[in-house]
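Take a look at the structure set out below.
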Amino acid sequence: MIGGMWEIVRAGGFFMWPIILCSVIAVAIILERFWTLAEKRVLPRDLLQKIKQLVEQDQVTDKVVQALEKNSPLGRVLAAGLSSRHRGRAIMMERLEDTGRHVVHELERFLNTLGTIAAVSPLLGLLGTVTGIIKAFNAINEGGMGDPRMLSGGISEALLTTAAGLVVAIPALVAYRYLRGNVDRIVIEMEKDALQLVDQLEASAVREQDDRTAGDLKAAGARVA
């Protein structure tokens, strides 16, 4: 089995090696991204609900914010909103957008490389095809038309590199499209959760302001009495 694979690689010529390298990198990226972008790691279930309960009970502390930052990508975004909860909605939204850009950049890590591999692999196969055909024509020029064995090397290189390039490119492209769509879905979910948190924080701030106003009025009435 291994010997047969080795013979195929040798018959494919020089451009089989960069294609193989692309395949190894693509597999590593796909496995790493599938692991990293698992929903339980990026969007932990019930995390937003727990944070909303802490806000409702006025139990948000610096330790809670720090722990939330280390929890998950969603936690980092929500922590940015909590850390600026006393600075108004505009500041909160600005902090959320800034943190969100950094989180999205991390979620998209290596995806451009995977997309490049999906685009470059068939081109490497095509280049191998061209060099194989050139070898076949050189064999013909050297008087090999009557001996098919002298043409087989160039033809094998042309066919094998084309096939290898497509074998690498097609799964890489499918994985790239899937992972890109998954990142887009995650970003939309994060935006929805962040907006819910902002609304919760704003409502809590309004209630606190109303309670303080009512307390001041009650104290003023007591002094007048």
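The values are calculated or read from the model by the stated rules, or taken from the named source; none is laboratory data. Everything numeric in this text was worked out from a predicted model, so none of it was measured. No Cβ is skipped: glycine too gets one built from the backbone with ideal geometry, and neighbour counts run over all protein chains shown.
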**Report entry** Of all residues making up the range 78-115, the number that are free of Cβ contacts under 8 Å to residues at least 12 places away in the same chain and touching a Lys or Arg at 6+ places or on another chain (Cβ under 7 Å)
**Finding:** 1
Query raised in the report: When you go through ASP193, ASP199 one by one, which is the residue that is under 30 Å from GLU106 (Cα atoms), at pLDDT 70 or above and either touching a helix residue (DSSP H, G or I) at 6+ places or on another chain (Cβ under 7 Å) or among the hydroxyl-bearing types (Ser, Thr, Tyr) (or both)?
Result: ASP193
Query raised in the report: Which residues, taken from the range 54-77, are without any contact (Cβ under 8 Å) to a residue 40 or more places away in the chain, of a type outside the set (Lys, Arg) and part of a helix (DSSP H, G or I)?
Result: LEU54, ASP62, VAL64, VAL65, GLN66, ALA67, LEU68, GLU69, GLY75
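Any residue at all in the range 88-111 that's more than 21 Å from the chain's Cα centre (by Cα), not in a helix (DSSP H, G or I) and not β-branched (Val, Ile, Thr)? Before the answer, list the steps.
Of all residues in the range 88-111, those more than 21 Å from the chain's Cα centre (by Cα) come to 88-95.
Right, trim to not in a helix (DSSP H, G or I) and you get 88.
Filter again for not β-branched (Val, Ile, Thr), leaving 88.
Yes, some residue in the range 88-111 is more than 21 Å from the chain's Cα centre (by Cα), not in a helix (DSSP H, G or I) and not β-branched (Val, Ile, Thr).
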**Report entry** Of the criteria (1) modelled with pLDDT of 85 or more; (2) touching a helix residue (DSSP H, G or I) at 6+ places or on another chain (Cβ under 8 Å), which one LYS40 fails
**Finding:** (2)
Report summary line: Screening ILE51, ILE19 for residues that are buried (at least 19 other Cβ atoms within 10 Å of the Cβ) and modelled with pLDDT of 90 or more leaves only ILE19
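Would you pick out the residues in the range 40-53 that are on the phi < 0 side of the Ramachandran plot, of a type outside the set (Lys, Arg) and without any contact (Cβ under 8 Å) to a residue 24 or more places away in the chain? Give the derivation first.
Within the range 40-53, the first condition is being on the phi < 0 side of the Ramachandran plot, and the residues that meet it are 40-45, 47-53.
Of the ones still in play, those that are also of a type outside the set (Lys, Arg) are 42-44, 47-49, 51, 53.
Across the range 40-53, the qualifying residues are GLN49, GLN53.
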Query raised in the report: Going by the conditions given, is GLY125 assigned to a helix (DSSP H, G or I), buried (at least 21 other Cβ atoms within 10 Å of the Cβ) and modelled with pLDDT under 85?
Result: no
Report summary line: When GLU32 is run through (1) at pLDDT 85 or above; (2) surrounded by 15 or more Cβ atoms within 10 Å (Cβ to Cβ); (3) over 14 Å from ILE186 (Cβ atoms), the failure sits at (2)
Query raised in the report: Is the range 87-108 home to any residue that is surrounded by 14 or more Cβ atoms within 10 Å (Cβ to Cβ), over 25 Å from LYS50 (Cα atoms) and out of contact with any Asp or Glu (no Cβ under 6 Å at 6 or more places or on another chain)?
Result: yes
